[in-house]
Amino acid sequence: MADCFDKATRSRIMRAIKSRNTTPERRLLEEMQRLDIDALRLSGKGLPGTPDFVVGLLCIFVHGCFWHLCRRHYKAPASAGWRRKMDANRRRDIRVRRKLRALGWRTMVVWEHERPDVAASRVQRRLERMRRGRRIRRH
Ligand SMILES: [Zn+2]
């Protein structure tokens, strides 16, 4: 079948699609779907910090190692201005999680460096603990 785009345009489109499909968020979503976790992508929109996924009462953030100062991979930039900016990021992340908890949400961070299948089973265990916690409190 003839392509309606020329070669250069087609390869630009395909590159764009590929990069969209391989984001950590996308891969986590696929793995959660494989485990039948009913994650909603857009329902975090009105919440503090705009969580990437919401599952029941659990807000999930997929964090990039640099922007969110991953303990394993973050290296503080040399410039003082950048370090200030990054400290502000760290404080904002803490503030957002506190706000969500105050509103009755639970929060969880999945790191960019985590294997998506491992992260998805971490989400599953967390949801299971939340369900057990509720049962225990009810008695
Ligand atoms: Zn990392």
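Points to keep in mind about this one:
- Some residue of segment 109-118 being at pLDDT below 95, surrounded by fewer than 16 Cβ atoms within 10 Å (Cβ to Cβ) and within 16 Å of the ligand (Cβ to nearest atom): no
- Tally, over segment 35-83, of residues that are loosely packed, with under 11 Cβ neighbours inside 10 Å and not in a loop (DSSP other than H, G, I, E, B): 2
- Near pairs, Cβ below 6 angstrom, 6+ apart or cross-chain, from segment 108-119 (part of a helix (DSSP H, G or I)) to any residue that is within 12 Å of the ligand (Cβ to nearest atom): 119/110
- Some residue of segment 92-100 being part of a loop (DSSP other than H, G, I, E, B), at pLDDT 95 or above and farther than 19 Å from residue 115 by Cβ: no
- The listed residue being within 28 Å of residue 23 (Cα to Cα), surrounded by 11 or more Cβ atoms within 10 Å (Cβ to Cβ) and either more than 16 Å from the ligand (Cβ to nearest atom) or free of Cβ contacts under 8 Å to residues at least 24 places away in the same chain (or both), out of 125, 98: 98
- Count of residues meeting criterion [under 25 Å from residue 33 (Cβ atoms) and away from the ligand (no atom under 14 Å from the Cβ)] in segment 61-95: 0
- Hey, residue 13 part of a helix (DSSP H, G or I), among the aliphatic types (A, V, I, L, M), modelled with pLDDT under 95 and surrounded by 11 or more Cβ atoms within 10 Å (Cβ to Cβ) or not: yes
The values are calculated or read from the model by the stated rules, or taken from the named source; none is laboratory data. None of the values given here were measured: they were computed from a predicted structure. Positions of Cβ are generated from backbone atoms using ideal geometry, with glycine treated the same way; all protein chains shown enter the neighbour counts.
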